[in-house]
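The values are calculated or read from the model by the stated rules, or taken from the named source; none is laboratory data. Note that the structure is predicted; figures quoted are calculated from it, not measured. Every residue, glycine as well, gets a Cβ built from its backbone with ideal geometry; the counts of neighbours run over all protein chains shown.
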Amino acid sequence: MNQEAKRHNQVKRIDRIAIAVLLVFLGVTVVFSFYHSVLCLLIVFGLRFLYSLFYARIPKTYWALSAFGAALAAYSLFYESGVAVTVFAVAALLECLRVFMIALLNYPSTVRNLETLTQELEKRVQDRTTELKAANSELQRANTKLLELDKLKSAFVSQASHDLRTPLTAIKGSLDNLMIGVAGPLNEKQTRILERAQRSVDRLTFLINDILDLNRIESGREKLQKTDVSLTTMVKGLIQEHKPAADQKSIALDAELNGDEVHAWADPHKMERVIGELIGNAIKYTPEQGRVTVRLSLQDGAPCVMVSDTGVGMSEEESKKIWERFYRTANSQHMAKGSGLGLSIAKELVEMHGGSIRATSEAGRGSTFKITLPPSPVKETAI
Amino acid sequence: MSKPVIAIVEDEEELRENLCDFLEFKGYEVLCFDSGDAAVAGCGDWKADLALLDYLMPGLNGIEVMKRLKEVHPDMPIVFLTASSQGMVKESARLKGAEAVILKPYSPNELIETIERILSRTA
């Protein structure tokens, strides 16, 4: 530190002497030639100004500017004559010399400063890298833990569902045996009571199956087996299948399959389940005498399935939430019984295909569910 | 014509008895075993037209029981009952020679249809 201060003083002293000498030379020039003195003044102070600009930041500039000053001085000495020019040249030369001296004196400390700076930077980089590494490994640990937890959750769900199924099978088996008359004929009331128990067992079975299915999809164990599927044929079959349920409520269930057959590159079982879920829901939430329509179309080559109903509809907020697990709309709670997982599963399955599923609705005026699948890949023509 | 014989290998007592009641009611003769080991131990002494095996049992599991039974009765059709819905179970059981896999809880119709279909084919 002390040495640094000493050197600083040294530089200051040199600077002062140099300026004093400069002023003397300037005085002399003014006496001999006003024009040259102004020029000299401009050049010298211009140089000083430039130096001051780059003084601390770019040491190399010292050398470049000083070299320029020296060259100017040499040129003046050789090609111009007269006292004023000589004096001006010497002044410029001196200025250069001054700057050289300062730079020379500053050089070791500059290098030292640079070294310290470099070291400091390196250390900082190192510190940051260590910090980043720590954060990274922390993240990795957290991620591994999450993955483990997810696996545990999946294993738990599948184990729990398995364990639930065994007693459920026993209950269902006992009820079924009574219902088919293993223990003798039943009267009407006994049958009604048993039917109630059977319906509840069926509901529980659906719920467990849905939980297991969703679990399998979420854990990535569910795989698609895609093939060329005729959605037209599929929809026709599904309409046939759901007709009895629709008839029971006097709901008109139709398909609008205008135009050519619509094909998709999809897993037939999964798509059947998704479209069946939408049709089933539409029938569930449509009051008697209503209408459920299934439409098929190709939009820019992408197969679309739309299921519209004249049912109770949903608010905008509800139509966003229906995809959440176990979400039930205000109406659904007292209208229909289900696992609350059907639409979550449908969404997952459609997204596994790379497609999308959306609901638009107006409370009281029915809903429309639209599935869009990616366009079928160009079929390879057999040779 | 004598009644067709169905062997049931199921470790859960309630399920076994329900199955037994149901199949007897449907006119089959039923042999019940409460474990895979029990079924395999004396399998030279009995013969059935079809065996219903639980897939997951303590001791010998369904697949192992099937292997042992097939050694003695190579023509006896095997149907698995399983509470795990994993497609893998279905696949692995079928690949190893089972005629069908039925998921628990099963409906009586599904069970009886499967049994009748297999028996009519092997009769």
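Points to keep in mind about this one:
- Selected residue (only one of B:G42, B:G62 is among the small types (G, A, S), farther than 21 Å from A:S174 by Cβ and surrounded by fewer than 19 Cβ atoms within 10 Å (Cβ to Cβ)): B:G42
- Qualifying residue in segment A:141-148 (condition: in contact (Cβ under 8 Å) with a residue 40 or more places away in the chain, assigned to a helix (DSSP H, G or I) and of a type in the set (A, V, I, L, M, F, W, C)): no
- Candidate set: segment A:240-273, residues that are within 24 Å of A:F206 (Cα to Cα) and charged (D, E, K, R); chosen: the one surrounded by the most Cβ atoms within 10 Å (Cβ to Cβ): A:K270
- Residue within segment A:170-186 that is away from every other protein chain (no Cβ under 14 Å) and loosely packed, with under 12 Cβ neighbours inside 10 Å present: no
- For the residues A:R124, A:R165, the requirement of being charged (D, E, K, R) and within 14 Å of another protein chain (Cβ to nearest Cβ) singles out A:R165.
- Qualifying residue in segment A:130-149 (condition: within 14 Å of chain B (Cβ to nearest Cβ) and more than 30 Å from A:E218 (Cα to Cα)): no
- Residue match in segment B:3-17 (condition: more than 14 Å from chain A (Cβ to nearest Cβ), at pLDDT below 90 and out of contact with any Leu (no Cβ under 6 Å at 6 or more places or on another chain)): yes
- A:V157 outside any loop (DSSP other than H, G, I, E, B) and either surrounded by fewer than 18 Cβ atoms within 10 Å (Cβ to Cβ) or not acidic (D, E) (or both): yes
- Subset of segment B:24-39 that is over 12 Å from the mean Cα position of the chain (by Cα) and within 14 Å of chain A (Cβ to nearest Cβ) - its residue that is surrounded by the most Cβ atoms within 10 Å (Cβ to Cβ): B:Y28
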